[in-house]
Structures are given as structure tokens and as C-alpha cells.
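K.L.:
I am attaching a structure below and will ask some questions about it afterwards.
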Amino acid sequence: MQSDFARKLFRLCYGYTFYLILMELMVHTMGDQEISWLVLLTMLGIYVGNYVLRGLIQHIWPLIVYTAAVDAAVWFLLPADNLQCTLLMGLATGLMFTGFHYVRSGGILPEPMDVPWPIFVMGLLATVFGLIYDKPMLVVNAAVLTGIALCFFLLILYTDSLRKYADSTKDVKGIPIRQILKINTWIIVVIFLCMVVAIGLGEALHLPDALAQLGSAFVSILKTLFFGVVLVFHWMGELFKFSSHQSVQETAQKFTNELNQGHAFANVLEVVLKILLLVLVLFILIRMLSRVIRSLSARYRKEGTVQVVETKRTDLRTRIENRSPLDRFRKYMSMEERARRIYRKKILECRKDGIPSETETTADILEILRTDEGLELSELTELYDRVRYGGIVPDRAYLARMKKSANMKKPKDKTEANAL
């Protein structure tokens, strides 16, 4: 199905972009060698091979063989330095484990995060290291790749939403799904077009460099204010003989040097003008494209002739989702399940004719034990009924009371049981 292919493709592109930022960060901070096109194509081939293979297999051992072959080929055949080869081998190994989860889950894609915080953290780290180590290309690549990864994340959310919508309406007739999808697709196209225009215009205006200059300008302004305040305190100290004339001169010289850097205020004004220009262009673009979307929406509404929603679903049974091992363990250790096990263990211990049938109620079981086995379990039955049907959440004291009632001595004969 096309939607499934798109969901896998956008996840592949998002993962590729994320790992590319990591490789850029490692290569630029631990060496001066650039990432070659051969390394980029090799990384893309590792992603594509893993995604294709895990969609064709039902066991995990082919992924292990594939990963071992890729690691050997990268280390012995790829003409790249050891750092990049190690990063590619780590990528193949990480994809192997994600492939394990995909195969074991039956080909179900994982749900995306609510907020793509890993890509923002990685982009921020790359930007900080680029500024610290004076790597302007790392800063630019981090900003561009983070924006691209964010685009792919939004596409993942969009395609997953379309998939859920299609699944929820697969048994419903009469809803103009194609028109809805066309309008939604146009909206997504407009959003990404605005993002591309914003990135392109920002690069044309040298906005990243301007923002860096803006940061240095703010630092210069803060230094000027700081030295000005210190100078005032030194003047007051000199008046009251707490400070020397030499310290006043040194602080005044620092204040003058910072104040003479008049480009700080000019940089602030330049960046503000560039941002205003960018906002104005985006505003005009959004207004123009919104008119196009409204006209398309009006045309689809005019062409739509279906007004009645008709459902053909007659089977109202629902499928119980498979719980994870952790959920099953939590249910097994819950107080309600412990109470059920106490009651069940006692009944199976006392019933000589076997396991009770599904049609027998607790009252039926109580009566059978009373007449056939000469055993009275009214208190245990009442305590269990409160949990099973009364909505009582038992605590440890309640479970101890059930165990005590279950361990009561069995009457010697049926006459004694009836006397109870």
C-alpha cells in the first residue's frame, strides 16, 4: 500500500538525517576530514538494505548475517578513515536491533514521539561544538539538517494520521475521503513550501551569520553595562578612599573600549531588519497560497454529491490487543488477581470432581462444596464476590483475611457442615 511505503520512507529519511548530524558532529570535532559522497551513499545503502530485508523476513537471523557482512565490507573495503568506518558499523548494528523489534512485532511500525527532542538536542550539540571549535560549516550543516529532519518528522505524523483515518473509515461508505486527502495534502505542501522559502531566504540574507553577530553584539552590550556599573562603584570608592585611582582608570579604559565598538547596535538593527523582511515575505506567500487552498476547497465541495453516510459493518466484536510482558506481569501482581488466585486455589483444592464449569457461579460452587464435600466457604466466597462484582480494591489486610478464611479447618462430616 502506498501509505505504508510513505511511512517507511519518511522514517528512513528521518533516521538518515539524524545520524548524519551525529556523523558531522563526530567528524568535525575529532578530525578535519570531511564526509565523502561514498560514505554518504554507503550509509544510505545500509538504511535501505536493512529496511528492505526486515520487510521480507520472519526470523531475525538474516539480519544478523546482513549486519556482519556490512560491518566486514565497511571495515575492509571502504576507503575511509577509522572513525567514519566505526560510525557506519555502529549504524548497521543499531539498525539490526531496531529490525529485531520490527520483525518480532509482526511488521508494525513504532509510534513516533510527541516531540522530536533527540533531533533538537543533536542539532544544539552540533551548533555549540561548531561555535566552540570554530567550525562554521558544522553550524550551518546542523541548522540545515535539523530543519530537514523536522520536515520528515512532520511527514511521519501526517502519513500516520492518514493511515489511522483510513483504517477507521475502511468500512464506511459515502465519505469523500479523496477530497479530504487532497485538501490536507495541499496544506502540508504549503507548510513545507514556506519552510523551504524561509530556509532559502535566510541563507540568501546570511541570517545564520547575522544571528551569530547578534549574539556577539548582545555580549558586547552586556559587557558595556557591566563595566559601566563597576566604574560607578569605583568612582564612589575613590571618593570615600576605598578604591585607588589606578583601578578607576583601568575600569574606565575597559568601558571605553566596549563603548567604542559601535557595530554592536548596528548589528542588532541589521538582524531585526532581515527578520522583518523574512516575516513579510512569508506573510505574503501564506496569504497567496491560502487563497489557492480556499478555491480548491470550494471546488471540491461543489463537485461533491454524496451527503449520506452509510456503514456496512455488522460485526461489532472487538479484538483484544496483545498485551506486553510488562503489562501481563503488572496484571498478575495486582491485588485483584491475587484475590482471584486465593479463591481459585482453594476451590481447586476442595473440588474432587474437577474444575468448575464456565456456567457455574460462585453461589453454585459454594452450594456444591457445602453439600458434596461438607465444606463451608461462605466467608471466602463473600470476600471474593466483593472484589469480583462489587468493585472493591483489596489491600494486604483484605488478602490476609481471605487467606485466613481459606485456611479454616474443614468440618469432619456433612452433618457438622450443615449445622454451620
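The values are calculated or read from the model by the stated rules, or taken from the named source; none is laboratory data. No experiment lies behind these values; they were computed from the predicted model shown. Neighbour counts are summed over all protein chains in view; Cβ atoms, including those assigned to glycine, are modelled from backbone coordinates with ideal geometry. These accessible areas exclude ligands, DNA and RNA; they are computed on the full protein's heavy atoms, side chains included. Shrake-Rupley method; radii C 1.70, N 1.55, O 1.52, S 1.80 Å.
K.L.:
Any residue at all in region 10-31 that is open to solvent by 50 Å² or more (accessible area, probe 1.4 Å) and free of Cβ contacts under 8 Å to residues at least 12 places away in the same chain?
P.N.:
Narrowing region 10-31 to residues open to solvent by 50 Å² or more (accessible area, probe 1.4 Å): 18, 26, 30.
Retained after the next criterion (residues that are free of Cβ contacts under 8 Å to residues at least 12 places away in the same chain): none.
Within region 10-31, not a single residue is open to solvent by 50 Å² or more (accessible area, probe 1.4 Å) and free of Cβ contacts under 8 Å to residues at least 12 places away in the same chain.
K.L.:
Filter region 94-123 for residues that are over 20 Å from Val52 (Cα atoms), part of a helix (DSSP H, G or I) and touching a helix residue (DSSP H, G or I) at 6+ places or on another chain (Cβ under 8 Å) and give the result.
P.N.:
Pro118, Ile119, Phe120, Met122, Gly123
K.L.:
Provide a single number: the residues in region 103-156 that are among the acidic types (Asp, Glu) and within 12 Å of the chain's Cα centre (by Cα).
P.N.:
Of all residues in region 103-156, those among the acidic types (Asp, Glu) come to 111, 114, 134.
With within 12 Å of the chain's Cα centre (by Cα) added as a condition, the list becomes 111, 114.
Of the residues in region 103-156, 2 are among the acidic types (Asp, Glu) and within 12 Å of the chain's Cα centre (by Cα).
K.L.:
With respect to Ala80, determine if the residue is crowded, with 16+ Cβ neighbours inside 10 Å, aliphatic (A, V, I, L, M) and closer than 30 Å to Leu131 by Cβ. Step through it out loud before you land on a result.
P.N.:
Values: crowded, with 16+ Cβ neighbours inside 10 Å: yes; aliphatic (A, V, I, L, M): yes; closer than 30 Å to Leu131 by Cβ: yes.
Yes: the conditions hold for Ala80.
K.L.:
Out of (1) in a loop (DSSP other than H, G, I, E, B); (2) surrounded by 14 or more Cβ atoms within 10 Å (Cβ to Cβ), the odd one out for Val70 is which?
P.N.:
That leaves (1) as the condition not met.
K.L.:
Residues of region 61-100 being more than 27 Å from Trp37 (Cα to Cα) and either at pLDDT below 90 or aromatic (Phe, Trp, Tyr) (or both), which ones?
P.N.:
Trp61, Phe100
K.L.:
Right, here's the next one. Looking at region 323-420, what helices (runs of 4 or more DSSP H) fall wholly within it and have at least 2 residues that are closer than 30 Å to Ser105 by Cα, at pLDDT below 85 and acidic (Asp, Glu)?
P.N.:
Of the helices (runs of 4 or more DSSP H) lying wholly inside region 323-420, none has at least 2 residues that are closer than 30 Å to Ser105 by Cα, at pLDDT below 85 and acidic (Asp, Glu).
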